[in-house]
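Okay, so here's the structure we're looking at.
The values are calculated or read from the model by the stated rules, or taken from the named source; none is laboratory data. Computed from a predicted model, the values in this text were never measured in an experiment. Note that each Cβ is placed from the backbone with ideal geometry, even for glycine, and that neighbours are counted across all protein chains shown. The protein model used for the area step is the full one, side chains on, heavy atoms only, and it has no ligands, DNA or RNA in it. Shrake-Rupley method; radii C 1.70, N 1.55, O 1.52, S 1.80 Å.
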Amino acid sequence: MSRPLRARIDLAALRHNYSVVRSLVGHTSVWCVVKANGYGHGLDRVTQALAEVADGFSLLELEGAEALRVAGIRQPLLMMEGFYSEEELPRFARHRLTPVLHSMMQVQGWVNSPLLDGLETPLPVFLKLNTGMNRLGFDRAEFLQALALLQASPRVAGITLMTHFADADESAGIARQMQRFNELRAGAGEGLPVCLANSAALIRFPESRGAMGDWARPGIMLYGASPCPEVCSAEALGLKPVMSLESEIFALRQLQAGDTVGYGSSFVAPGPMRIGIVSGGYGDGYPRHAHTGSPVMVAGRRTRLVGRVSMDKVCVDLSDLPDAGLGSPVTLWGRGAGGHLPVEEVAAAAGSISYELLCALAARVPVMEEG
Ligand SMILES: *Cc1c(COP(=O)(O)O)cnc(C)c1O
């Protein structure tokens, strides 16, 4: 028999979460964000499951976008970092990809490059404004130049202004960036459609929903995790976990006082206790920084990790679970046979965020699809 570890992907939960997004955004169109292999859930699987309902998909991997076209996805595809070199332009034209243009070099390439001569009909473009993230996007002077070039270009079907919030999930919020956005687009850019909210902005700042945006870009909430678990749990938002990492206890051990567990002997048994050994370690995407005390569900009961996470396994405390034994179901995160454990809680215990855990699911973990 193979290892008992598997990731279950619940596509009905994904569609349910999409309907929660829809109920929040009103008339705003939705780019379902599927970068990073659909946040680890499988690009093809996620887009097929949402193909009937999504207004568009948003990613930044060109190979991924091409795979979606080959798989028959017809919706607009928003390439969130545009193109990295002009060599890619023929592929943007062939697959009709919507670029986010964030630099003058990109705007000039789009408008002038002979590599885009094959474009038969103009494409919509998104123009990214820097409102405080200070990674990508235009400041005022270059924005006006870029806008003028694009508005004069026969290769452009329409321009949407976009920005990305740095603090939508923090107490600082989005007010400062919204003010900056409005200053940047004042005058020349005022009438143009806008694309603003990520999941946290949709959840926490209703003014960034329909009233403020023509397009929203939710990612993490589609996958059933809350972007701001300290403020509002996924469950309270009506979201359902899409990925569950499920395993089993495949070995047992009785410890005596003073016995240590695992690498570094970091856990020392305070007295006699029973532990279970569970398939699943950092080689599977379980975070190595989860330490003794991190939550885990065994046969419907909550218990804790003891000792360090290894490449292939973790150890769990069975002191208060006398009925647990070989083959008992374990939920490392999600909603599985072992119980319900939000991935946000495991991430917090490891000093990380749900995004990182979901994206890091390793290729060796078998995936079971349902719904
Ligand atoms: C990843 C990403 C999103 C989605 O963010 P979530 O927090 O997952 O909703 C939206 N916009 C941009 C530009 C992104 O890179």
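Checked against (1) away from the ligand (no atom under 14 Å from the Cβ); (2) open to solvent by 50 Å² or more (accessible area, probe 1.4 Å); (3) not in a loop (DSSP other than H, G, I, E, B), residue 52 passes all but a single condition, namely (3). Could you tell me whether residue 288 is surrounded by fewer than 17 Cβ atoms within 10 Å (Cβ to Cβ) and farther than 19 Å from residue 350 by Cα? Spelling it out, it is not the case that residue 288 is surrounded by fewer than 17 Cβ atoms within 10 Å (Cβ to Cβ) and farther than 19 Å from residue 350 by Cα. Tell me yes or no: at least one residue of the stretch 256-279 is at pLDDT 95 or above, among the charged types (D, E, K, R) and within 13 Å of the ligand (Cβ to nearest atom). Within the stretch 256-279, not a single residue is at pLDDT 95 or above, among the charged types (D, E, K, R) and within 13 Å of the ligand (Cβ to nearest atom). Checked against (1) modelled with pLDDT under 95; (2) open to solvent by less than 40 Å² (accessible area, probe 1.4 Å), residue 1 passes all but a single condition, namely (2).
Sort out which residues of the stretch 57-86 are more than 16 Å from residue 221 (Cα to Cα), touching a strand residue (DSSP E or B) at 6+ places or on another chain (Cβ under 8 Å) and not aliphatic (A, V, I, L, M), and write them in order of number.
Passing the criteria: 69, 75, 76, 81, 82, 83.
Need the failing condition index for residue 216 against (1) over 23 Å from the mean Cα position of the chain (by Cα); (2) open to solvent by less than 10 Å² (accessible area, probe 1.4 Å), just the number. Every listed condition holds for residue 216 apart from (1). Selection of helices (runs of 4 or more DSSP H) fully inside the stretch 139-246 by the criterion of at least 1 residues being hydroxyl-bearing (Ser, Thr, Tyr) returns 199-204.
Scanning the stretch 149-176 for residues that are within 16 Å of the ligand (Cβ to nearest atom) and at pLDDT 90 or above gives 160, 161, 162, 163, 164. If the condition is being assigned to a loop (DSSP other than H, G, I, E, B) and either buried (at least 19 other Cβ atoms within 10 Å of the Cβ) or within 16 Å of the ligand (Cβ to nearest atom) (or both), then the stretch 76-118 contributes 76, 80, 81, 82, 83, 84, 97, 102, 103.
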